Each structure stands twice: as structure tokens, then as C-alpha cells.
Amino acid sequence: MKIRVDYVPGTAPQQLPSHPKDVHAQSDGRFQCPRCNTSFTRKNNLHNHLKFQCGQQPRFNCPYCEYRTKHSPNVRTHVRRLHPSQQVYVIDVLLHKNLL
């Protein structure tokens, strides 16, 4: 059952009906990944984790060293901090692999 909530500007959160039970987790307020035990506060975040991240190798590389991560902004931050005189860009291993 979905509950429709119309937002009224100036309404305090306590005055709004609570979310449906399936939006948030059970007693501890978290949704846990069955594969790696990472937990999330929202069911949708767990779904995205299972679909795109869990069990996947990091796909973004630093162009100047061996640093790899699953998130491209992390590489950009890494390059700015550890390679400050270099151009900031990211190598996407999956995209690079498809071009070869």
C-alpha cells in the first residue's frame, strides 16, 4: 500500500505521516547487502549497490599511478592531492577495454 503525501510548506516533519515500511529498513534502520554485509539506510541504495558495485572490480584508474576506485570523483580528488602539477582526468577501464 502506498501512501500519498502532499508536501505543505512550513509543515514540521513530526506532522507528516511516516514513510511506508518498505522504504526504510527494519529495527536497526539499515538494509544489509547479502553478499558483502555493507549496509545502507535506503532500500534503493542497496539495490543500486547490488546492481552496479557489489563484486565488481574498481573501474576508474589514476593516469599517473596504480590508484583504482569504483568512483570517478575519487580519482579526481586523488590526482589533485597527490599529483598537483598534472592534468586532472580519469581512465575508465571498462570504456578503455571496449575501445581496444
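Quick check on segment 50-69: of everything there that is out of contact with any strand residue (DSSP E or B) (no Cβ under 9 Å at 6 or more places or on another chain) and among the polar types (S, T, N, Q), which residue is modelled with the lowest pLDDT?
Taking segment 50-69 as the starting set, the residues that turn out to be out of contact with any strand residue (DSSP E or B) (no Cβ under 9 Å at 6 or more places or on another chain) are 50-56, 64-66.
Those still in the list that are among the polar types (S, T, N, Q) too: 53, 56.
Numbers: Gln53: 85, Gln56: 88.
In this case the residue turns out to be Gln53.
Check whether at least one residue in segment 9-25 is under 20 Å from the mean Cα position of the chain (by Cα), at pLDDT 80 or above and assigned to a loop (DSSP other than H, G, I, E, B), and report yes or no.
No - not one qualifying residue is present in segment 9-25.
The rows are residues; the columns are (1) surrounded by 14 or more Cβ atoms within 10 Å (Cβ to Cβ); (2) part of a helix (DSSP H, G or I); (3) over 18 Å from the mean Cα position of the chain (by Cα); (4) not aromatic (Phe, Trp, Tyr).
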| site | (1), (2), (3), (4) |
| --- | --- |
| Leu50 | yes, yes, no, yes |
| Gln57 | no, no, no, yes |
| Thr77 | no, yes, no, yes |
| Gln87 | no, no, yes, yes |
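Cβ-Cβ under 8 Å, sequence separation 6+ or interchain: first residue in segment 39-55 and over 18 Å from Asp28 (Cα atoms), partner aromatic (Phe, Trp, Tyr) and modelled with pLDDT of 90 or more. Which pairs?
What qualifies is His49/Phe40.
The values are calculated or read from the model by the stated rules, or taken from the named source; none is laboratory data. Computed from a prediction, not measured in an experiment: that's the story for all the values here. Neighbour counts run over all protein chains shown; Cβ positions are idealised from the backbone, glycine included.
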